[in-house]
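To keep things clear, I will list the structure first and then write my remarks on it.
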Amino acid sequence: MTVLVLCNVGARDVMVEGKALAPAREEGRRLLGPEEYVAVAPRLTFPIIEPCLRYIIEQHPSSEDRLGGVDRVVLFGTNQDDPRHRGGDTLHFAALAACRLPEMLGDRLRKAERQDIEHINPALYDETFEKFDELLAKLPRDGVAVCYVIISGGIPACNTALLLQGVRHFGHRLRVVYLPQGGEPQELRVGQQVMGAFQEAAAIKHLERLDFANALPYLEQLRAPVGLCGLVRYAAQRLAFDFPSAQATLMEALREGNRKTRDFINRHLRHALDALVIEGQGPERLAALLVELYWNAAITYHHHRYADFLGRIYRFQEAVLRYLVETVFGLPTDLAPKVREVNQRRWSEGIRANPRLVAFLGKREVEGKPLDWEVIGRPTYKALMSYATDEAEGLDAGGKPLLSPGGRSRYAALLDRVNAFDRLVELRHRTIIGHDFEGVSEALILEHYKGSAKPDGTRRTPLEGLAEIMGMLKVNVRQNPYEAIAAFMVERLRG
């Protein structure tokens, strides 16, 4: 595995017996001449670069499977276009160092080379930042076990750019060596600090997008407290509808978290999943699932995952219809394997007990074929709710109205909002998560959804349509727990 060293060469980084050379470009070119170099080489000194290299070599002694020392050092020298500043350029100093340092250090430095910083003003931070991205991109990164940057010599803008781009290109493998004036070389943790700042910024960006699964690796790299990582893992598991795992993770975060984390969990999350971790799927659990599905759909939409959003629309419509059927008719809709047979029997018996309902369902068609109401699913749910909201029908097995006049009007309006998603469900069927390979875009979704009118006369978007249905169900979705978790996490990180 390679040990790589990167270093900027400044105007005082190459000397002759401790004396500076000026002007740098002219003197450096002169000393590179064959005769001049042979004469001057023994007297060349590198007051910053050499002691830093010797320090790095000491950190990598020989072992059974590797020769100790440095495999490669890259020395960056300036080569400006502006004739007013070319006299101070250090490209030839970098070449002198590349020639002499391997002679001085022997087999402990196996390769040294010069690279030019050209076509920019090396004193400008933005230009050097871009240039070092270009220069470091040319270096092979595979096989590099550790990359050192020496930031004592050279122009400040170039050293800053080398440090920042070094972190970008080499990540945790980057180490920083600094030679204080009058002191000995030492390593600084600034590389890790910069890396941490990048990771923190990335984590915050993901958290602000409510993308908890992708925020978590950055938090783990930052070694964020276990309680905080657990809180983010909980959010990711909850978004994946893995409620048992999410509840277990939340209890772990409660145990491991500090006082602020515990207070937050107890205030906002401790019992949030109670209705979702119980067995069975009665109306209470369906209502809780609808809330989760609403937030999940909203986040998916904001992430521009439009095919996945259509999948949520399909599940939302079906879940609302299930909730209505269970609430109004008392019929079971859970088809989990261990209750399927019992619930199918209860379903059939419940419908057959009402001859008026059976006659109504017998007249319904789906895609030109008679409705098979024995099948527990969306078509039958819709037919049942049409019956319940029909003024001429809507009676239970005992001949009493299933709904009051006010309830009939409210449920009819609700059913109209639910059916407004039919075109989006059809669109979903043609996408990759349905039965075909058609693409989907936000514009296509808005074209296919005709939401109800708002007070200002404009039409509701699909997300607003979902919120409207939740309001009609008297379910509060204004306090989004995922936004609360993200805000709490960002505050902790920035604090």
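Does G153 meet the test of being out of contact with any helix residue (DSSP H, G or I) (no Cβ under 6 Å at 6 or more places or on another chain), in the same structural domain as G10 (by TED's automatic domain parsing) and in a helix (DSSP H, G or I)? Spell out how you get there, then give the answer.
On the way: out of contact with any helix residue (DSSP H, G or I) (no Cβ under 6 Å at 6 or more places or on another chain): yes; in the same structural domain as G10 (by TED's automatic domain parsing): yes; in a helix (DSSP H, G or I): no.
So G153 does not fit the description; no.
Given the conditions (1) assigned to a helix (DSSP H, G or I); (2) closer than 30 Å to G398 by Cα, which single one is not true for R312?
Every condition holds for R312 apart from (2).
Quick check, is L361 of a type in the set (A, V, I, L, M, F, W, C), in contact with a Leu (Cβ under 7 Å, 6 or more places away or on another chain), on the phi < 0 side of the Ramachandran plot and without any contact (Cβ under 8 Å) to a residue 60 or more places away in the chain?
Working: of a type in the set (A, V, I, L, M, F, W, C): yes; in contact with a Leu (Cβ under 7 Å, 6 or more places away or on another chain): yes; on the phi < 0 side of the Ramachandran plot: yes; without any contact (Cβ under 8 Å) to a residue 60 or more places away in the chain: yes.
Judged against the criteria, L361 is a match.
What helices (runs of 4 or more DSSP H) lie completely within region 18-62 and have 1 or more residues being free of Cβ contacts under 8 Å to residues at least 24 places away in the same chain and of a type in the set (V, I, T)? Don't jump to the end; show me each part of the working.
Details: elements: 24-31, 34-40, 49-58.
By residue number, 34-40.
Here is a check on your reading of the model: is Y125 in contact with a helix residue (DSSP H, G or I) (Cβ under 9 Å, 6 or more places away or on another chain), in contact (Cβ under 8 Å) with a residue 12 or more places away in the chain, within 30 Å of D81 (Cα to Cα) and crowded, with 17+ Cβ neighbours inside 10 Å?
Working: in contact with a helix residue (DSSP H, G or I) (Cβ under 9 Å, 6 or more places away or on another chain): yes; in contact (Cβ under 8 Å) with a residue 12 or more places away in the chain: yes; within 30 Å of D81 (Cα to Cα): yes; crowded, with 17+ Cβ neighbours inside 10 Å: no.
For Y125, the condition - in contact with a helix residue (DSSP H, G or I) (Cβ under 9 Å, 6 or more places away or on another chain), in contact (Cβ under 8 Å) with a residue 12 or more places away in the chain, within 30 Å of D81 (Cα to Cα) and crowded, with 17+ Cβ neighbours inside 10 Å - is not met.
Condition first: of a type in the set (D, E) and part of a loop (DSSP other than H, G, I, E, B). Now tell me which residues in region 133-148 satisfy that.
Answer for region 133-148, where residues must be of a type in the set (D, E) and part of a loop (DSSP other than H, G, I, E, B): just D142.
Rundown of residues vs (1) crowded, with 18+ Cβ neighbours inside 10 Å; (2) touching a helix residue (DSSP H, G or I) at 6+ places or on another chain (Cβ under 7 Å); (3) within 14 Å of R100 (Cβ to Cβ), yes/no style:
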residue	(1), (2), (3)
V5	yes, yes, no
V14	yes, yes, yes
A24	yes, yes, no
A39	no, no, yes
T45	no, no, yes
I49	yes, yes, yes
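Could you say which residue among A443, A412, A467 is among the aliphatic types (A, V, I, L, M), assigned by TED's automatic domain parsing to the domain that holds Y306, touching a Ser or Thr at 6+ places or on another chain (Cβ under 9 Å) and assigned to a helix (DSSP H, G or I)? Working first, answer last.
Values: A443 fails: touching a Ser or Thr at 6+ places or on another chain (Cβ under 9 Å); A467 fails: touching a Ser or Thr at 6+ places or on another chain (Cβ under 9 Å).
Among A443, A412, A467, only A412 is among the aliphatic types (A, V, I, L, M), assigned by TED's automatic domain parsing to the domain that holds Y306, touching a Ser or Thr at 6+ places or on another chain (Cβ under 9 Å) and assigned to a helix (DSSP H, G or I).
Quick test for you: out of K474, K450, pick the one residue that is part of a loop (DSSP other than H, G, I, E, B) and either free of Cβ contacts under 8 Å to residues at least 12 places away in the same chain or buried (at least 17 other Cβ atoms within 10 Å of the Cβ) (or both). Can you show your working first?
Values: K450 fails: either free of Cβ contacts under 8 Å to residues at least 12 places away in the same chain or buried (at least 17 other Cβ atoms within 10 Å of the Cβ) (or both).
When all the criteria are applied, what remains is K474.
How about region 261-320: which of its residues are aromatic (F, W, Y) and over 18 Å from G465 (Cβ atoms)?
F264
For region 8-32, give me the residue count where each residue is farther than 25 Å from C158 by Cβ and modelled with pLDDT of 95 or more.
The initial filter retains those residues of region 8-32 that are farther than 25 Å from C158 by Cβ, namely 17.
So of that shortlist, the ones also modelled with pLDDT of 95 or more come out as none.
Residues that pass the stated criteria total 0.
Quick one: in region 205-216, which of the residues that are within 9 Å of the chain's Cα centre (by Cα) and part of a helix (DSSP H, G or I) is surrounded by the most Cβ atoms within 10 Å (Cβ to Cβ)? Show your work before the answer.
Looking only at region 205-216, we keep the residues that are within 9 Å of the chain's Cα centre (by Cα), and these are 205-207, 209-216.
This time we only want the ones that are part of a helix (DSSP H, G or I), so: 205-207, 212-216.
Numbers: K205: 14, H206: 21, L207: 25, F212: 25, A213: 14, N214: 14, A215: 28, L216: 20.
Filtering region 205-216 for residues that are within 9 Å of the chain's Cα centre (by Cα) and part of a helix (DSSP H, G or I), the one surrounded by the most Cβ atoms within 10 Å (Cβ to Cβ) comes out as A215.
Return the residues of region 349-380 that are assigned to a helix (DSSP H, G or I) and closer than 29 Å to A288 by Cβ; say none if nothing qualifies.
Residues of region 349-380 that are assigned to a helix (DSSP H, G or I), as a first pass: 349-352, 355-362, 378-380.
Once the filter is applied, which keeps residues that are assigned to a helix (DSSP H, G or I) and closer than 29 Å to A288 by Cβ, region 349-380 yields E349, G350, I351, L357, R378, P379, T380.
Just one of E318, E279 is touching a Lys or Arg at 6+ places or on another chain (Cβ under 6 Å), acidic (D, E) and either surrounded by fewer than 20 Cβ atoms within 10 Å (Cβ to Cβ) or not in a loop (DSSP other than H, G, I, E, B) (or both); which is it? Steps first, please.
Values: E279 fails: touching a Lys or Arg at 6+ places or on another chain (Cβ under 6 Å).
Answer to the selection: E318.
Just to verify a result, which residue in region 133-152, among those that are crowded, with 19+ Cβ neighbours inside 10 Å and in contact with a Ser or Thr (Cβ under 9 Å, 6 or more places away or on another chain), is farthest from L91 (Cα to Cα)?
Start the filter on region 133-152 by keeping residues that are crowded, with 19+ Cβ neighbours inside 10 Å, which leaves 135-136, 147-152.
Checking the rest, the ones that are also in contact with a Ser or Thr (Cβ under 9 Å, 6 or more places away or on another chain) come to 147, 151.
Numbers: C147: 22, I151: 17 Å.
Once the filter is applied, the top-ranked residue is C147.
Residues R262, R267, R346: which one is surrounded by fewer than 20 Cβ atoms within 10 Å (Cβ to Cβ), part of a helix (DSSP H, G or I), out of contact with any helix residue (DSSP H, G or I) (no Cβ under 8 Å at 6 or more places or on another chain) and not assigned by TED's automatic domain parsing to the domain that holds F421?
Values: R262 fails: out of contact with any helix residue (DSSP H, G or I) (no Cβ under 8 Å at 6 or more places or on another chain); R346 fails: not assigned by TED's automatic domain parsing to the domain that holds F421.
The unique qualifying residue is R267.
Would you mind stating whether G68 is modelled with pLDDT of 95 or more and either surrounded by fewer than 17 Cβ atoms within 10 Å (Cβ to Cβ) or not aromatic (F, W, Y) (or both)? So that I can check it myself, show each step before the final result.
Working: modelled with pLDDT of 95 or more: no; either surrounded by fewer than 17 Cβ atoms within 10 Å (Cβ to Cβ) or not aromatic (F, W, Y) (or both): yes.
Considered against the rule, which asks whether it is modelled with pLDDT of 95 or more and either surrounded by fewer than 17 Cβ atoms within 10 Å (Cβ to Cβ) or not aromatic (F, W, Y) (or both), G68 comes out as no.
The values are calculated or read from the model by the stated rules, or taken from the named source; none is laboratory data. Everything numeric in this text was worked out from a predicted model, so none of it was measured. Don't worry about glycine lacking a Cβ; one is built from the backbone with ideal geometry, like all the others, and counts go over all protein chains shown.
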